[in-house]
Amino acid sequence: MRTSIAVEEARDLVLSVCRTLSEETVPLAEAAGRTAARDIEAPHDVPPFANSAMDGYAVASADRGEPPRVLRVIGEAAAGSPWAETVERGTAVRIMTGAPVPEGTGLVVPVEWTEDAGTSAVRILRFPPDGAHVRPAGQDVGRGDTVVSAGQVLGGGAVGVLAGLGLGRVPVRKRPRVALVTTGSELVEPGSRGLRPGEIYNTNAFALSVQAERAGAQLHGAYHAPDAKKDLLSVIDAARTADLVVFSGGVSMGRYDLVHEALRERGFVADFWKVMQRPGNPLLFGRLDGVPVLGLPGNPVSSSICFDQYARPAIATMLGRSTVLRPRIRAALETAFPKPPGLHVFARGVAGEDGDGRSTVRPTGEQGSNLFTSVLRADRIVHLPAAWDTAPAGAMVETEAIDW
Ligand code: AMP
Ligand code: MG
């Protein structure tokens, strides 16, 4: 087991044991937020046929000439009701937006550029160029185009394009099943009853389950154990069939920090314990029958930040996502941040701008790992590198925009 390792090394070790899960197909209506398992090619053109972009008259290209010009109106084409016959020179078809452009015509004259010329005739007051207001087949998507790439998270845009292609089901990665295990004899389920002396409510069971779902996972189960070996052993047995097991609490140096010991009794192999970071120094990671197990320190900020920095990319790797880590946004520190030397700090920050429009970031306030409102108020995680002895105002740092 490695100990007191750097953040980057810890993350590499975690990700190196995560395998991409198998795929399944889901109805399009349930595809948002899922990760595409394969490239998806367009089975046909969108739009599937040339159609009108305007309400007006479809005319033959050869009829363009000096206006005004009177054409005989031989019929009508509306969205969903094509005009099936060929249009000869000297005639026109009244056409609505989205209707197929009839055979023989090459442009649409907007209705605003025309006037009635008796029954079944139209006077063209002005001609647009040849091809005007005709949307060609395949203008948006060509048959065979790759519209979605493997590893892409499906958002509204992708779902809309797939709908336009008539695809009712989508191949996606199975959602990793995450077992969340909170530990601590002091913890009480919110809403269940009032607190007795020494008790607190269980923050992490709730905060982490939100983060797990936001990360693209599903809950295998939310378990809780007091700080007693036999209870820990039984939750380990329930949790170990998940794709990822996440413990909160009980991984530090206290007399009742029994998670590691209980895991070892079940065959757990530790890869590392303790990372040169704040919050979350006592982070534990290893495998139980090949299943990755993270032991997050119980302070709510430590739990949330460590979940974000280690479990979230682990889940993204299992989902086969093309982007596992969030993009980093550079910003200048508005004020000095507290910075112990030798530790990588994941500070909680609020994004801003200086007078010249450059990105800045300021602390959410006190940064103690027990102060969960520092997460509540944050829209950025601010990375302060381990090598820095201080983090003075004006220093340029990398940040991540957070959304949980
Ligand atoms: P531990 O890592 O178990 O030593 O816990 C560190 C601190 O976090 C202690 O003050 C615990 O009471 C607190 N804590 C542990 N788990 C939770 C939890 N699920 N919700 C809120 N606070 C917790
Ligand atoms: Mg504890």
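With Ser252, Ser248 as the choices, which residue is near ligand 2 (Cβ under 10 Å from one of its atoms) and in contact with a strand residue (DSSP E or B) (Cβ under 7 Å, 6 or more places away or on another chain)?
Checking each option against the conditions leaves just Ser248.
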Of the residues in the stretch 153-183, those that are touching a strand residue (DSSP E or B) at 6+ places or on another chain (Cβ under 7 Å) and either open to solvent by 60 Å² or more (accessible area, probe 1.4 Å) or among the acidic types (Asp, Glu) (or both) number 5
Pairing a residue in the stretch 365-390 that is farther than 18 Å from Gly280 by Cβ and at pLDDT below 95 with any residue that is open to solvent by 70 Å² or more (accessible area, probe 1.4 Å) and in a loop (DSSP other than H, G, I, E, B), where Cβ atoms lie under 8 Å and the two sit 6 or more apart in sequence or on different chains, gives Gly365/Arg377
Of the residues in the stretch 239-259, those that are away from ligand 1 (no atom under 11 Å from the Cβ) and open to solvent by less than 40 Å² (accessible area, probe 1.4 Å) number 6
Within the stretch 294-332, restricting to residues that are surrounded by 24 or more Cβ atoms within 10 Å (Cβ to Cβ) and not in a helix (DSSP H, G or I), the one that is nearest to the chain's Cα centre (by Cα) is Leu319
Exactly one of Ser209, Ser149 is more than 30 Å from Val108 (Cβ to Cβ), within 22 Å of the chain's Cα centre (by Cα) and free of Cβ contacts under 8 Å to residues at least 40 places away in the same chain, and that one is Ser209
In the set Ala84, Ala121, Ala92, the lone residue that is open to solvent by 50 Å² or more (accessible area, probe 1.4 Å), hydrophobic (A, V, I, L, M, F, W, C) and on the phi < 0 side of the Ramachandran plot is Ala84
Screening Gly138, Gly144, Gly118, Gly131 for residues that are touching a helix residue (DSSP H, G or I) at 6+ places or on another chain (Cβ under 9 Å), over 30 Å from Ile315 (Cα atoms) and small (Gly, Ala, Ser) leaves only Gly131
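The values are calculated or read from the model by the stated rules, or taken from the named source; none is laboratory data. As the structure is a computational prediction, the values presented were derived from the model and not from experiment. Virtual Cβ from ideal backbone geometry, glycine too; neighbours counted across all protein chains shown. The accessibility values were calculated without ligands, DNA or RNA, using every heavy atom of the protein model including side chains. Shrake-Rupley method; radii C 1.70, N 1.55, O 1.52, S 1.80 Å.
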